[in-house]
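These notes are about the structure you will find just below.
The values are calculated or read from the model by the stated rules, or taken from the named source; none is laboratory data. Every value quoted in this text rests on a predicted model; they were computed, and no experiment measured them. Note: ideal-geometry Cβ built from the backbone for every residue, glycine included; neighbour counts use all protein chains shown.
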Amino acid sequence: MKIKEFWTRNNIIILAAILIAVFVMARGIGKVKTALEKYKAKKAPVGEELQEIVPVKVFRVKRVPVFKDVLPILGNVEGYKEIDLKFESAGVIQAINFREGERVAEGEVIANIDSRDALLKMKYNEIEMDKVAKLYGLGAVLEAKYEQARLEYESAKSAFDKTSLVAQVDGVLAKREAEEGEYVSPNDKVGTLVDMDSVFCRFGIIEKDVRKVRLGQKTDIMIDAYPKDFFPGLIGEISPMIEGRSRTFSIKVKLDNPDDKLKPGMFARGGVVVYEKNDVLVIPSMAMKKKEDTFSVYIIHEEEKEDAAEDESKKDEVDELFGLMSMRLGTIEMRQIQPVYVTPDLVEVGEGIKEGELIAVELYQELADGSKVEIQEEVE
């Protein structure tokens with residue numbers, strides 16, 4: 001029985017404590033609310049209705065040394081010259097003299113097909129030509145006969161030469177697509193020879209962006225295999241027509257490749273500098289408001305803080321609890337501007353604002369001149 005009475009008394013004490021705490025909190029909240037209303041009323045002009053103070057983020061207008069608009073691009077590395085290696089005559093491959101990735105000098109023989117028949121025919125026609133030449137020298141045959149024999153020899157020699165596949169330029173054997181003992185025709189590709197001293201990147205540009213690119217524009221290219229390196233280049237070619245299902249225009253950017261770091265097939269990404277200007281005023285694009293044919297921003301004139309000595313005598317309960325006198329307050333001025341160039345992120349401004357002025361950003365409601373705002377954050 002005593003235990004039951006003990007727990008009953010404890011429950012009553014706990015309940016009473018909770019009620020007292022709730023009463024104190026409610027009274028405190030009421031005081032804070034009253035103090036806030038008094039504080040806001042101090043900031044409203046005498047004789048006017050209390051204005052709502054809108055919280056805003058601001059950006060301080062600044063001048064940047066270089067302003068760029070960069071169009072992002074994705075593509076692949078290709079050899080500046082990629083030559084399909086094919087024999088000019090049909091036959092069985094007798095020898096392939098290079099492996100994939102090996103360098104080949106201009107004039108070197110890359111591969112041969114069986115040349116025995118071609119060699120025999122060339123030797124036979126050479127003997128016949130020499131015989132006719134001697135007779136022609138003695139005046140025993142006409143010049144036409146000698147010319148016929150010479151042409152037959154030249155034709156046989158040409159057929160023999162076609163049994164060898166010769167490099168037309170210095171390069172690297174990028175891909176080998178045939179093996180020794182395999183029968184090939186002039187339509188069959190044996191491999192690919194790539195000029196690696198220079199490469200180019202092929203990129204696709206969507207239709208709405210093609211007006212932004214032109215020959216000679218600068219690019220900065222990054223290759224996934226070398227994430228810390230950037231490869232500068234220039235646009236060298238722009239396709240005049242849309243390609244395939246991708247509905248894109250193809251552009252080529254030539255890059256120097258002295259160390260053979262860049263390989264055909266590597267994934268490339270980067271940007272085309274479609275606009276560049278030095279020493280300009282910029283603001284965030286989200287700060288600019290467009291209405292019909294005019295553009296404007298919300299300029300914020302920050303209010304100066306009251307003198308500290310005067311402030312001391314005007315403190316109220318909210319000032320003491322929360323330090324509300326440290327709030328940054330300002331007044332809105334809606335001002336027209338003249339944008340020069342607009343990107344998704346930044347706007348170059350020609351007229352209407354000055355360096356160092358504060359403008360509102362991330363504001364999702366319309367404000368009128370003279371509206372009061374609280375500056376919550378100054379963004380970079």
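Rundown of residues vs (1) out of contact with any Leu (no Cβ under 9 Å at 6 or more places or on another chain); (2) closer than 30 Å to residue 333 by Cβ; (3) polar (S, T, N, Q), yes/no style:
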site: 61; (1), (2), (3): no, yes, no
site: 67; (1), (2), (3): no, yes, no
site: 70; (1), (2), (3): yes, no, no
site: 75; (1), (2), (3): yes, no, no
site: 98; (1), (2), (3): no, no, no
site: 107; (1), (2), (3): yes, no, no
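When only residues in the range 197-215 that are within 15 Å of residue 244 (Cα to Cα) and under 16 Å from the mean Cα position of the chain (by Cα) count, which is surrounded by the most Cβ atoms within 10 Å (Cβ to Cβ)? Lay out the reasoning, then the answer.
The initial filter retains those residues of the range 197-215 that are within 15 Å of residue 244 (Cα to Cα), namely 202-207.
Checking which are under 16 Å from the mean Cα position of the chain (by Cα) leaves us with 202-206.
Numbers: 202: 16, 203: 25, 204: 17, 205: 22, 206: 12.
Step by step, filter the range 197-215, then rank; the result is 203.
Among the strands (runs of 3 or more DSSP E) confined wholly to the range 274-380, which include 2 or more residues that are more than 30 Å from residue 215 (Cα to Cα) and at pLDDT 80 or above?
The strands (runs of 3 or more DSSP E) meeting that bar are 289-291, 294-302, 328-342, 358-361, 372-379.
Going through 355, 348, 378 one at a time, which residue ends up being surrounded by fewer than 11 Cβ atoms within 10 Å (Cβ to Cβ) and closer than 19 Å to residue 63 by Cα?
Sole residue among the options that is surrounded by fewer than 11 Cβ atoms within 10 Å (Cβ to Cβ) and closer than 19 Å to residue 63 by Cα: 355.
Conditions first: (1) small (Gly, Ala, Ser); (2) at positive phi; (3) not assigned by TED's automatic domain parsing to the domain that holds residue 134. Residue 204 passes all but one, so which condition is the exception?
With respect to (1) small (Gly, Ala, Ser); (2) at positive phi; (3) not assigned by TED's automatic domain parsing to the domain that holds residue 134, residue 204 is out only on (2).
Does any residue of the range 164-183 turn out to be farther than 30 Å from residue 127 by Cα, without any contact (Cβ under 8 Å) to a residue 24 or more places away in the chain, touching a strand residue (DSSP E or B) at 6+ places or on another chain (Cβ under 7 Å) and not assigned by TED's automatic domain parsing to the domain that holds residue 89?
Checked against the condition, which is being farther than 30 Å from residue 127 by Cα, without any contact (Cβ under 8 Å) to a residue 24 or more places away in the chain, touching a strand residue (DSSP E or B) at 6+ places or on another chain (Cβ under 7 Å) and not assigned by TED's automatic domain parsing to the domain that holds residue 89, the range 164-183 yields no hits at all.
In contact (Cβ under 8 Å) with a residue 12 or more places away in the chain and assigned to a loop (DSSP other than H, G, I, E, B) - does that describe any residue in the range 196-210?
no
Being on the phi < 0 side of the Ramachandran plot and part of a loop (DSSP other than H, G, I, E, B) is the filter; apply it to the range 172-183 and report the residue that is surrounded by the most Cβ atoms within 10 Å (Cβ to Cβ).
Step by step, filter the range 172-183, then rank; the result is 178.
Determine whether residue 186 is of a type outside the set (Ser, Thr, Tyr) and assigned to a loop (DSSP other than H, G, I, E, B).
Yes: the conditions hold for residue 186.
Which ones in the range 211-239 are in contact (Cβ under 8 Å) with a residue 12 or more places away in the chain and part of a helix (DSSP H, G or I)?
212
What strands (runs of 3 or more DSSP E), lying completely within the range 53-171, carry at least 1 residues that are buried (at least 18 other Cβ atoms within 10 Å of the Cβ) and under 32 Å from the mean Cα position of the chain (by Cα)?
Here the list reads 54-60, 62-85.
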